[in-house]
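The values are calculated or read from the model by the stated rules, or taken from the named source; none is laboratory data. Note that this is a predicted model, so its numbers are computed, not measured. Cβ: placed from backbone, ideal geometry, glycine included. Neighbour counts: every protein chain shown.
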Amino acid sequence: MNWTADFPILAADENGNRLVYLDSAATTQHPMQVLNAVVDYYTKENANPHRGVYELAMRATDAHEGARHTVAQFFNAEDDEIVFTQNTTESLNLVAYSYGMNFLHEGDEIVISVAEHHSNMVPWQRVAKATGAKLVYMYPGENGRLTTEELDKKITPKTKVVAVAMVSNVLGLRAPVEEIVKRAHAVGAVVVLDCAQSAPHTPVDVKKLDVDFAACSAHKLYAPMGVGALYARAGLLEKMPPFMSGGDMIGAVHESGATWADGPRKFEAGTRNVGGEVGFAAAIDYMKGIGWEAMETHEHALLDRMLAGMRAMPWLTVYGEPVAEGRYGVVSFNVNDVHPHDVATILDAGGVAVRAGHHCAQPLMEFLGIGSCCRASVAIYNTPEDVDALLENLENVRKVMGL
Ligand code: PMP
């Protein structure tokens, strides 16, 4: 199957040139089905939800709450376990500030991996500094994967929070979530799962995984920017104080103080991005229409093809075990002795878009002994021809650089 036709931005121009977009880990493109849903919302249903009693405002409220239901089903969660946020970053900050700042103390430990995106690292650094808790880093083994020995060493009775990416945005490898949850829960710690890079590629069933929190961004799964979600296990949201306060998150306000709304609304202060939420739900429906099996098979084949090509390039280094098994979405690499920005610029001249930089994972770059790298990432709309274009243009980098 080829889904590219659903994505107008990827259509060839009048000269027949087509962008080979391999930066979906940064943000995905949107299918017409999602764009139409957003236009429909703004043409027919736009009003401020939870505010008015008139018909249109109620339709906007239904759109907002309907989108929450779709997101809840996506995670196999209950509707009142889903908080709408702006993105993964806000979801993770919400947990760090509302849970971490209030329930951690000196002597407690927060365990994260050195491979975390800054948005699952810097908030915990700040929590540690403010509460006196210790931030403990787990380090991947030779092949880029976390070992059970490392989990056993770092998750101890002092651990109160384990916060990890289900899939690293640099290494692309799936974390041993089940093993982490087993150890964390055995010592009474909560597990925060950063699903920014997993939710677009593989099911995140929060009940099956038994995680306490899960965060994702809609813009990485074919929906607009500016909306994300936080799953929080029922009961946890109840005991957490609000992160931000203002309109719509209150029960009642008096001169002497305020009480809070029930459920996720306690964490949804101010006017929401309902158009974005509608797009988020439409993107989930779009993905559902394709089905996980078809998506995973398609993307696995693309990664397999890309890695096979790269393994035949001895002048190129892939980070993390260079296999498609247990890998989702991304392949990070460097052309030896060539700056990644030069590589990305030469690739761009050939019509291939990849990301170059530290990928908001500077401690991982330090751990790998590099300053930055290139990252090629795939989504449902990529084709084997896209992968071949990358590989051909990498050959061109080798020639241009005289390697
Ligand atoms: N975590 C991971 C693993 C990511 O890849 C990203 C986005 N690059 C984020 C968190 C942050 O996502 P956002 O910028 O959408 O908040």
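Worth a mention:
- The criterion of at least 3 residues that are within 16 Å of the ligand (Cβ to nearest atom) is met by the following helices (runs of 4 or more DSSP H) wholly inside region 94-194: 122-131.
- Remark: pairs (first residue in region 373-392, outside any helix (DSSP H, G or I) and buried (at least 19 other Cβ atoms within 10 Å of the Cβ); second residue at pLDDT below 95 and among the polar types (S, T, N, Q); Cβ separation under 9 Å; 6+ apart in sequence or on different chains) = Ile380/Thr4; Tyr381/Asn2; Tyr381/Thr4; Asn382/Thr4.
- Residue in region 252-264 that is under 24 Å from the mean Cα position of the chain (by Cα) and within 16 Å of the ligand (Cβ to nearest atom) present: no
- Top-ranked residue of region 214-229 - restricted to ones that are closer than 13 Å to His201 by Cβ and within 8 Å of the chain's Cα centre (by Cα), ranked as farthest from the ligand (Cβ to nearest atom): Cys216
- Residue list for region 325-364, filter: of a type outside the set (Gly, Ala, Ser), free of Cβ contacts under 8 Å to residues at least 40 places away in the same chain and away from the ligand (no atom under 14 Å from the Cβ): Glu325, His339, Pro340, His341, Thr345, Asp348
- Between His50, His64, the distinction of being away from the ligand (no atom under 16 Å from the Cβ), on the phi > 0 side of the Ramachandran plot and either surrounded by 16 or more Cβ atoms within 10 Å (Cβ to Cβ) or under 26 Å from the mean Cα position of the chain (by Cα) (or both) belongs to His50 only.
- The set of residues in region 203-213 being more than 13 Å from Ala175 (Cα to Cα) and within 14 Å of the ligand (Cβ to nearest atom) consists of Phe213 alone.
- Residue in region 204-226 that is touching a residue at least 12 places away in the same chain (Cβ under 8 Å), closer than 18 Å to Lys288 by Cα, in the same structural domain as Thr148 (by TED's automatic domain parsing) and among the β-branched types (Val, Ile, Thr) present: yes
- Within region 362-397, tally of residues that are closer than 18 Å to Thr317 by Cβ and among the acidic types (Asp, Glu): 2
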